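Report on one structure; see the data block that follows.
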Amino acid sequence: MELKRPKAILFDWDNTLVNTWPVIHEALHKTFTELGREPWTLDMVKQRVARSMRDSFPLVFGENWQEAGEIYQRNFRSIHLERLQALPGAEATLAYLKTLPVYVAVVSNKKGINLRAEVQHIGWGPYFSKVVGADDTPRDKPFADPVHAALKDSNIQAGPDVWFIGDSYIDMECAHVTGCVPLWYGELPQEPLKHPFKKQFVTQKELIDFLKKAF
């Protein structure tokens, strides 16, 4: 599929550039256990985790969601940096983009403070012009707020000149809300997506090969 060469590329973070499912699953498992709830399996976590904590935890934990959030954050922050793993080929993709005249940023539903700690820990800060996470804007993905924050000061407007690459339905919805080009990374979910994507990349190699053709 031919796509217009982008002026900007926005990446999701978790499981688009780094593998964090095992850490998220472990932290959630401990949270459910501490609260006397039946833990989710890894497959359940992959199917259900996409929205930010402030949007998802009230639906899962009800009125105790803030307590659950504190427990989750404690467990998550105790392991997330030491267990952080780049997806194979992800840094090569970012390094290649660094050589091109394209604006690159991260838009994630991970808490901004945790997100930036991970970006710094893995040494990828120089690859991104902006790193925007949950709670950094009044509303999180799929609302447009974090996309506009990521593009602020770039002189690039959200729209067809911007590719949005992510691995969840929230990313595709956010791309549609902002008029950006939705691109899916990874395997497709079992349930049909409400918002279609323009192209799927299963591996970083597929992505970087496509980028080389686009540029």
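The values are calculated or read from the model by the stated rules, or taken from the named source; none is laboratory data. In this text, all values refer to a predicted model and were calculated from it rather than measured experimentally. Here the Cβ positions follow ideal geometry from the backbone for every residue, glycine too, while neighbour counts run over all protein chains shown. Keep in mind that these areas ignore ligands, DNA and RNA; they rest on the heavy atoms of the full protein, side chains included. Shrake-Rupley method; radii C 1.70, N 1.55, O 1.52, S 1.80 Å.
Do any residues in the range 147-166 that are touching a residue at least 24 places away in the same chain (Cβ under 8 Å) have Cβ atoms under 6 Å from those of residues that are among the aromatic types (Phe, Trp, Tyr), where the two are at least six apart or on different chains, and which pairs are they?
SER154/TYR103; ILE156/TYR103; ILE165/PHE11; ILE165/TYR185
If ALA95 satisfies every condition in (1) among the aliphatic types (A, V, I, L, M); (2) open to solvent by less than 20 Å² (accessible area, probe 1.4 Å); (3) under 19 Å from the mean Cα position of the chain (by Cα) but one, which is the exception?
(2)
Please go through the range 177-195 and give me each residue that is touching a Phe, Trp or Tyr at 6+ places or on another chain (Cβ under 9 Å) and farther than 16 Å from LEU17 by Cβ, ordered by number.
VAL177, THR178, CYS180, VAL181, PRO182, PRO189, GLU191, LEU193, LYS194, HIS195, listed by residue number.
The rows are residues; the columns are (1) under 23 Å from SER168 (Cα atoms); (2) surrounded by 14 or more Cβ atoms within 10 Å (Cβ to Cβ); (3) among the small types (Gly, Ala, Ser).
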{"residue": "LEU42", "(1), (2), (3)": "yes, yes, no"}
{"residue": "LYS46", "(1), (2), (3)": "yes, yes, no"}
{"residue": "ARG51", "(1), (2), (3)": "yes, yes, no"}
{"residue": "ARG54", "(1), (2), (3)": "yes, yes, no"}
{"residue": "VAL60", "(1), (2), (3)": "yes, yes, no"}
{"residue": "GLU67", "(1), (2), (3)": "no, yes, no"}
{"residue": "ASN75", "(1), (2), (3)": "no, yes, no"}
{"residue": "GLU82", "(1), (2), (3)": "no, no, no"}
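Collect the residues in the range 101-135 that are in a helix (DSSP H, G or I) and either more than 19 Å from ARG77 (Cβ to Cβ) or over 15 Å from the mean Cα position of the chain (by Cα) (or both), keeping them in residue-number order.
If the condition is that a residue be in a helix (DSSP H, G or I) and either more than 19 Å from ARG77 (Cβ to Cβ) or over 15 Å from the mean Cα position of the chain (by Cα) (or both), then GLN120, HIS121, ILE122, GLY125, PRO126, TYR127 are the ones that fit.
Is there a residue being over 13 Å from the mean Cα position of the chain (by Cα), exposed (fewer than 15 other Cβ atoms within 10 Å of the Cβ), free of Cβ contacts under 8 Å to residues at least 60 places away in the same chain and part of a strand (DSSP E or B) anywhere in the range 194-204?
Yes, that holds for at least one residue.
Each row is one residue, and each column tells you yes or no for (1) crowded, with 19+ Cβ neighbours inside 10 Å; (2) under 26 Å from TRP21 (Cβ atoms); (3) out of contact with any Lys or Arg (no Cβ under 8 Å at 6 or more places or on another chain); (4) modelled with pLDDT under 95.
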| residue | (1), (2), (3), (4) |
| --- | --- |
| ASN109 | yes, yes, no, no |
| HIS121 | no, yes, yes, no |
| VAL131 | yes, yes, no, no |
| ALA134 | yes, yes, no, no |
| PRO138 | no, no, yes, no |
| HIS148 | no, no, yes, no |
| LYS152 | no, no, no, no |
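Could we say that THR33 is within 22 Å of TRP13 (Cα to Cα), open to solvent by 70 Å² or more (accessible area, probe 1.4 Å) and either in contact with a strand residue (DSSP E or B) (Cβ under 8 Å, 6 or more places away or on another chain) or free of Cβ contacts under 8 Å to residues at least 40 places away in the same chain (or both) here?
Spelling it out, it is not the case that THR33 is within 22 Å of TRP13 (Cα to Cα), open to solvent by 70 Å² or more (accessible area, probe 1.4 Å) and either in contact with a strand residue (DSSP E or B) (Cβ under 8 Å, 6 or more places away or on another chain) or free of Cβ contacts under 8 Å to residues at least 40 places away in the same chain (or both).
Collect the residues in the range 168-184 that are crowded, with 24+ Cβ neighbours inside 10 Å and not β-branched (Val, Ile, Thr), keeping them in residue-number order.
SER168, ASP171, CYS174, ALA175, CYS180, LEU183, TRP184
Among the residues of the range 154-181, what is the count of those that are in a strand (DSSP E or B) and either modelled with pLDDT under 95 or not small (Gly, Ala, Ser) (or both)?
Counting residues in the range 154-181 that are in a strand (DSSP E or B) and either modelled with pLDDT under 95 or not small (Gly, Ala, Ser) (or both) gives 5.
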